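The values are calculated or read from the model by the stated rules, or taken from the named source; none is laboratory data. All values derive from a computational prediction rather than experimental measurement. Positions of Cβ are generated from backbone atoms using ideal geometry, with glycine treated the same way; all protein chains shown enter the neighbour counts.
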Amino acid sequence: MIITAELAQHIVDNIMPLVQQNINIMDSAGVIVGSGQKSRLNTYHQGAMEVIRSGQVVEIFPEDMERYPGALPGLNWPIVLGSQVVGAVGVSGHPDKVRNTTKLVKMVTELILERENLVEEFRANLQLREQFMQHVLSDRYQDNAIAKTAKLLRFSLNLPRLVAVVSVGLIIRDACNQYGVHDLVALRTRETLAQLLEHSSLLDSQDLFVFFEDELVILKQFPADAGEAEFYQWGSAILSLLGGPQQQGLRMGLGSFTGSPAELHESYKEALFSQNNKMDGTAVASIYDFDILVDYLIKEPGAIHSCLALKKLKDLILAQLDRKYDMRNTVNALLDNNLNVSSAAKALFVHRNTLVFRLEKLKELTGLCPSQSLNHAMLCRILFSY
């Protein structure tokens with residue numbers, strides 16, 4: 001770690017009033033970068049350089065002044081982070097009188113630098129996560145760049161995931177109303193929410209989340225055979241964690257369950273749409289909700305050809321129902337006859353009960369009931385027309 005002049009002087013200014021002694025902090029080159037004696041800033045300290053080279057304490061008594069030009073009597077101790085000497089800290093005064101003070105100053109200095117180092121690592125990791133999330137959710141997926149960043153984050157790209165979006169603006173506004181409107185309040189609120197998520201069993205090392213202003217975006221891994229019920233259950237638990245019972249206005253949008261990282265962009269679009277178009281009385285809105293799905297397919301350009309939830313539904317019907325129950329012709333006949341089951345049965349040259357049986361199979365497998373819901377009928381028209 002490089003000890004900056006700004007941080008070194010900040011440490012000196014905060015500790016000196018407590019110990020009532022001059023303090024010097026030297027960087028790894030032996031240059032004084034923080035001092036209570038401003039005239040000594042940016043000057044070379046030979047005693048400190050000996051400390052850094054040897055890792056041992058250097059004591060300068062009054063009779064040693066000739067050996068250390070420009071120095072003052074005092075103690076100089078190494079600043080150690082991990083196993084590396086990154087600088088030295090000195091306290092002016094007779095070594096026998098400032099020994100305990102110097103030990104204390106060294107300990108406090110190392111604690112402050114260690115914390116600053118952790119904060120810097122966290123900030124760097126956060127920035128890397130934000131850049132990664134922006135790239136992986138963009139419509140211009142770049143395999144090489146994303147793979148390199150994922151490796152740095154130790155993030156496995158090829159696990160099945162979905163994108164969840166939560167608007168946390170309500171929580172931030174409540175904090176600002178309580179503590180005052182300030183960027184620092186919003187920042188601290190996001191940090192508090194991040195700590196809740198990081199220490200929760202609802203996310204693991206292969207999940208990733210970032211904040212884009214008032215929007216929390218989560219890449220959540222699920223087992224390959226997971227279904228919509230698990231997604232809803234997890235989403236409800238996340239909202240309870242973030243807001244508790246008093247935050248009734250929180251809402252989450254869930255996109256499609258993806259099998260490859262290149263599909264996460266589509267899941268993100270679906271999650272955003274679901275969040276902004278949730279049904280009344282629901283905190284977790286999913287693209288797998290047929291009402292939301294139909295709305296998305298109609299309003300979002302190109303969604304009919306790119307929507308993963310639609311593709312999954314269509315593949316399921318074609319694999320298990322189409323050949324055995326002639327489902328495509330059955331549904332199209334029903335739609336062409338204004339959802340009249342008797343008329344559709346005549347058009348298909350089958351008994352009415354046969355048509356009813358086929359529609360029950362469709363409902364049993366998918367939940368679709370085109371004869372009873374206009375949105376379901378519209379979705380069926382889309383499914384069997386493209």
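Among the residues of the stretch 269-285, which ones are within 18 Å of residue 237 (Cβ to Cβ) and not in a helix (DSSP H, G or I)?
278, 282, 283, 284, 285 - these are the residues of the stretch 269-285 that are within 18 Å of residue 237 (Cβ to Cβ) and not in a helix (DSSP H, G or I).
If you check residue 288 against the conditions, is it in a helix (DSSP H, G or I), hydroxyl-bearing (Ser, Thr, Tyr) and closer than 20 Å to residue 373 by Cα?
Judged against the criteria, residue 288 is not a match.
Which residue is surrounded by the fewest Cβ atoms within 10 Å (Cβ to Cβ), if the candidates are limited to the stretch 14-54 and must be closer than 20 Å to residue 111 by Cβ and without any contact (Cβ under 8 Å) to a residue 12 or more places away in the chain?
Top of the filtered list is 17.
Return the total of residues in the stretch 341-386 being among the charged types (D, E, K, R) and surrounded by 19 or more Cβ atoms within 10 Å (Cβ to Cβ).
Our first condition is that a residue be among the charged types (D, E, K, R); within the stretch 341-386, this holds for 346, 352, 358, 360-361, 363-364, 381.
Next, from what is left, pick out any that are surrounded by 19 or more Cβ atoms within 10 Å (Cβ to Cβ): 358.
Residues meeting the conditions: 1.
With respect to residue 230, determine if the residue is of a type in the set (D, E, K, R), surrounded by fewer than 15 Cβ atoms within 10 Å (Cβ to Cβ) and at pLDDT below 90.
no
Of all residues in the stretch 213-227 being in contact (Cβ under 8 Å) with a residue 60 or more places away in the chain and assigned to a strand (DSSP E or B), which is nearest to the chain's Cα centre (by Cα)? Break it down stepwise before answering.
Step one: filter the stretch 213-227 for residues in contact (Cβ under 8 Å) with a residue 60 or more places away in the chain, giving 217, 219, 221-224, 226.
Still in the running and assigned to a strand (DSSP E or B): 217, 219, 221.
Values: 217: 6, 219: 8, 221: 13 Å.
Looking at residues that are in contact (Cβ under 8 Å) with a residue 60 or more places away in the chain and assigned to a strand (DSSP E or B), I get 217.
Conditions tested, residue by residue: (1) under 25 Å from residue 257 (Cβ atoms); (2) touching a strand residue (DSSP E or B) at 6+ places or on another chain (Cβ under 8 Å); (3) assigned by TED's automatic domain parsing to the domain that holds residue 151.
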site	(1), (2), (3)
186	no, no, yes
190	no, yes, yes
194	yes, yes, yes
220	yes, yes, yes
223	yes, no, yes
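Is it true that some residue in the stretch 328-345 is part of a helix (DSSP H, G or I) and under 30 Å from residue 233 (Cα atoms)?
no
How many residues does the stretch 151-183 contain that are in contact (Cβ under 8 Å) with a residue 60 or more places away in the chain and either closer than 18 Å to residue 210 by Cα or of a type in the set (Gly, Ala, Ser) (or both)?
Selection size over the stretch 151-183: 11.
Tell me which residues, restricted to the stretch 42-68, are under 18 Å from residue 97 (Cβ atoms) and either among the acidic types (Asp, Glu) or assigned to a helix (DSSP H, G or I) (or both).
The answer is 47, 59, 62, 63, 64, 65.
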